[in-house]
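Report on one structure; see the data block that follows.
The values are calculated or read from the model by the stated rules, or taken from the named source; none is laboratory data. What you see is a predicted model, and the numbers here were worked out from it, not measured in a lab. Cβ placement follows ideal geometry from the backbone for every residue including glycine, while neighbour counts extend to all protein chains displayed. The protein model used for the area step is the full one, side chains on, heavy atoms only, and it has no ligands, DNA or RNA in it. Shrake-Rupley method; radii C 1.70, N 1.55, O 1.52, S 1.80 Å.
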Amino acid sequence: MEYMSTRGNYKQVNSAEAISLGMVPEGGLFVPAEIPKLNLEEITVRKNESYQKLAAWIFKKYLTDFSEDEIESAVKAAYNDQSFPEAEKTPLVKLDQNTYILELWHGPTAAFKDMALQILPHLLAESAKKLQIGNEIVILVATSGDTGKAALEGFKDVEGVKIIVFYPEAGVSRVQEDQMKTTGGKNTEVVSLKGNFDDCQNAVKEIFADKELKQRLQENNYQFSSANSINWGRLLPQIVYYFKAYLKLLQDKEIEAGEKINFTVPTGNFGNILAGYYAYRMGLPVNKFICASNDNKVLTDFLETGIYDINRDFKKTISPSMDILISSNLERFLFEMNGHDSGKINEWYQKLQTNKKFKIDGQTFTKIREMFSGKFSSEDEARKAIKKTYQNYNYLIDPHTAVGVDSLFKYRSESGDESKAVVDSTANPYKFSRAVLESLKDKEIKKDEYRIIEELEEMTAAKIHRGLAGLENMESKHQESCGQDGVKEKLEELLNL
Ligand SMILES: *Cc1c(COP(=O)(O)O)cnc(C)c1O
């Protein structure tokens, strides 16, 4: 299996190279040159298989330069009973006769990013070994919340890798900050930056682009890599749970073999929903993907008009992990949908840079519309979905999942399509407890986040996630901070350059 650039500007590489490079050095993203095809029988015969076995089976199709042993030990290290205590790993909850919730947040940090970030470090370490990269790999992360903690937990104590996370002092919640600061491990560093998320992200981007620094890292046997969702090693693990959800429905006799179902995905960077699309292309029987957005509805508009237009204000919402205007994985999706035409990708992304928008061709647009529908939820609608889901089903959802649930119900009433549908649940409700409690009570609550968590626990049947329980009294292990212009200096200090 080879991987190619969406921009046609790089040689084809194997998976170890694609994963260790993260993105194409000249710009562009790596995609599989060919998608492995499975027939229905090959899929359904696995309906009783464990998550780990299913994962190893799918990984082998894509990581053909890895040995069976290498894949199996990475899977074992990632999806064990400590990091994912639920036997199912991604339990499926039935809300009503045709609506199911796929809980993707049973990993250590209570967000779905664990599904990929628990295994990426092992894939990356193994790739580096294969390519005989002797350097220690330094993962730099700029985070507005969820990714930082998930990456820290994933990379903690992985050999040959160091991880340094920068977060904006004023831009994360107290719980998110505490989650990061209490991370153990010999190879983790957490630095608060005096500024907002943009300052943080720009500082890290500058570091990545700094040629002189790169040279000095090399001399000290270090090299940078990235853990964000443009890395193929983060996308691949997400394909697995689409198969798992389908097979669970089959196992529970909720569907017939071959029956097409719908998936609704609360979307930000388009990584999660794209993984679902790859599962479909491999042969999973899917009817429609419903792409759910919040008030930052660039994707909803795109799926309605074929025009991707970021000329608009960025809105802060109660589903912050979906507050995104440029969905980086959309580039991969468009490349898959336009028949691997890198000329068009270059043209469109050039336009995005100069005009902040582009329009795709009619043929590609028609093809996309056959499989995808875009819906969005306002803040008020998301809050109502939290309350109604609790009232009607005695089931607590977080604001991201609420956008998914609301979008699904909108899609159903507009299309009349009553196919069985799975909603990806991307965070545990306790991770966003303020918005959840305020939605249930229909009013603003002025308490400290930890008191809100307690109240939510008393009020509902939902158990607090273990990753958040006791957090308030845990010892903080990281005290580093720096100013907006001090990122490079801080890095030099932490790495002894
Ligand atoms: C990252 C994230 C999303 C968005 O997922 P993408 O793969 O970026 O589309 C949705 N919900 C939660 C809770 C997240 O952390």
Exercise. Among the residues of region 254-279, how many are over 19 Å from SER144 (Cβ atoms) and either of a type in the set (D, E, K, R) or within 16 Å of the ligand (Cβ to nearest atom) (or both)?
Worked result: 14
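Yes/no matrix, rows are residues, columns are (1) under 30 Å from HIS106 (Cα atoms); (2) in a loop (DSSP other than H, G, I, E, B); (3) within 16 Å of the ligand (Cβ to nearest atom); (4) modelled with pLDDT of 95 or more:
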residue: GLY339; (1), (2), (3), (4): no, yes, no, yes
residue: GLN353; (1), (2), (3), (4): no, no, no, no
residue: GLN363; (1), (2), (3), (4): no, no, no, yes
residue: ARG369; (1), (2), (3), (4): no, no, no, yes
residue: LYS387; (1), (2), (3), (4): yes, no, no, yes
residue: ASN392; (1), (2), (3), (4): yes, no, no, yes
Exercise. Can you name the condition, by its number, that ILE397 falls short on among (1) within 13 Å of the ligand (Cβ to nearest atom); (2) in contact with a Lys or Arg (Cβ under 8 Å, 6 or more places away or on another chain)?
Worked result: (2)
Seminar exercise, completed: Counted residues in region 119-151 being open to solvent by less than 20 Å² (accessible area, probe 1.4 Å), within 16 Å of the ligand (Cβ to nearest atom) and touching a helix residue (DSSP H, G or I) at 6+ places or on another chain (Cβ under 6 Å) come to 9
For this session: Check GLY154 against each of (1) within 16 Å of the ligand (Cβ to nearest atom); (2) closer than 17 Å to LYS194 by Cβ and name the one condition it does not meet.
Result: (2)
Exercise. Going through region 212-252 one residue at a time, which ones are within 15 Å of the ligand (Cβ to nearest atom) and charged (D, E, K, R)?
Worked result: ARG234
For this session: Determine which single condition ILE445 fails, assuming it passes every other condition in (1) assigned to a helix (DSSP H, G or I); (2) more than 27 Å from ILE255 (Cα to Cα); (3) open to solvent by less than 30 Å² (accessible area, probe 1.4 Å).
Result: (1)
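Looking only at region 225-236, count every residue that is out of contact with any helix residue (DSSP H, G or I) (no Cβ under 6 Å at 6 or more places or on another chain) and not β-branched (Val, Ile, Thr) and tell me the total. Reasoning before the result, please.
Of region 225-236, the ones out of contact with any helix residue (DSSP H, G or I) (no Cβ under 6 Å at 6 or more places or on another chain) are 225-226, 228, 230-231.
Next cut, not β-branched (Val, Ile, Thr) only: 225-226, 228, 231.
Qualifying residue count for the region: 4.
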Problem set entry | Unique residue being farther than 17 Å from PHE112 by Cβ, buried (at least 24 other Cβ atoms within 10 Å of the Cβ) and out of contact with any Leu (no Cβ under 6 Å at 6 or more places or on another chain) when the list is ILE397, ILE386 | ILE386
Problem set entry | Residue check, GLN479 touching a helix residue (DSSP H, G or I) at 6+ places or on another chain (Cβ under 7 Å) and surrounded by fewer than 16 Cβ atoms within 10 Å (Cβ to Cβ) | no
Seminar exercise, completed: Every listed condition ((1) surrounded by fewer than 17 Cβ atoms within 10 Å (Cβ to Cβ); (2) under 23 Å from the mean Cα position of the chain (by Cα)) holds for ALA421 save (1)
Problem set entry | Top-ranked residue in region 448-476 [being within 26 Å of the chain's Cα centre (by Cα) and open to solvent by 80 Å² or more (accessible area, probe 1.4 Å); ranked as farthest from SER192 (Cα to Cα)] | LYS463
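Answer yes or no as to whether THR109 is within 16 Å of the ligand (Cβ to nearest atom), of a type outside the set (Gly, Ala, Ser), crowded, with 24+ Cβ neighbours inside 10 Å and farther than 17 Å from PHE155 by Cβ.
When the stated conditions are applied, THR109 does not pass them.
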Problem set entry | Neighbours by Cβ (under 6 Å, 6+ apart or cross-chain): first from region 251-262, over 17 Å from ILE101 (Cα atoms); second of a type in the set (A, V, I, L, M) | GLY258/LEU40
Exercise. Under the condition of being open to solvent by 30 Å² or more (accessible area, probe 1.4 Å) and not aliphatic (A, V, I, L, M), which residue from region 152-170 is nearest to the chain's Cα centre (by Cα)?
Worked result: GLU153
For this session: Give the residue that is nearest to ASN428 (Cα to Cα), with candidates limited to residues of region 190-204 that are touching a residue at least 12 places away in the same chain (Cβ under 8 Å) and open to solvent by 50 Å² or more (accessible area, probe 1.4 Å).
Result: PHE197
For this session: For region 248-312, please list each of the strands (runs of 3 or more DSSP E) lying entirely inside it that holds at least 2 residues being surrounded by fewer than 21 Cβ atoms within 10 Å (Cβ to Cβ).
Result: 286-293, 307-309
For this session: Could you tell me whether ILE310 is more than 14 Å from the ligand (Cβ to nearest atom) and among the β-branched types (Val, Ile, Thr)?
Result: yes
Exercise. Of (1) in contact with a His (Cβ under 9 Å, 6 or more places away or on another chain); (2) farther than 17 Å from ALA275 by Cβ; (3) not acidic (Asp, Glu), PHE112 satisfies all except one. Which?
Worked result: (2)
Problem set entry | Subset of region 94-118 [assigned to a strand (DSSP E or B) and at pLDDT 95 or above] | LYS94, LEU95, ASP96, THR99, TYR100, ILE101, LEU102, GLU103
Seminar exercise, completed: Of (1) under 25 Å from ALA421 (Cα atoms); (2) open to solvent by 50 Å² or more (accessible area, probe 1.4 Å); (3) within 16 Å of the ligand (Cβ to nearest atom), LYS316 fails just (1)
Exercise. Hey, any hits in region 373-381 for a residue that's surrounded by 14 or more Cβ atoms within 10 Å (Cβ to Cβ), over 25 Å from the mean Cα position of the chain (by Cα) and not in a helix (DSSP H, G or I)?
Worked result: no
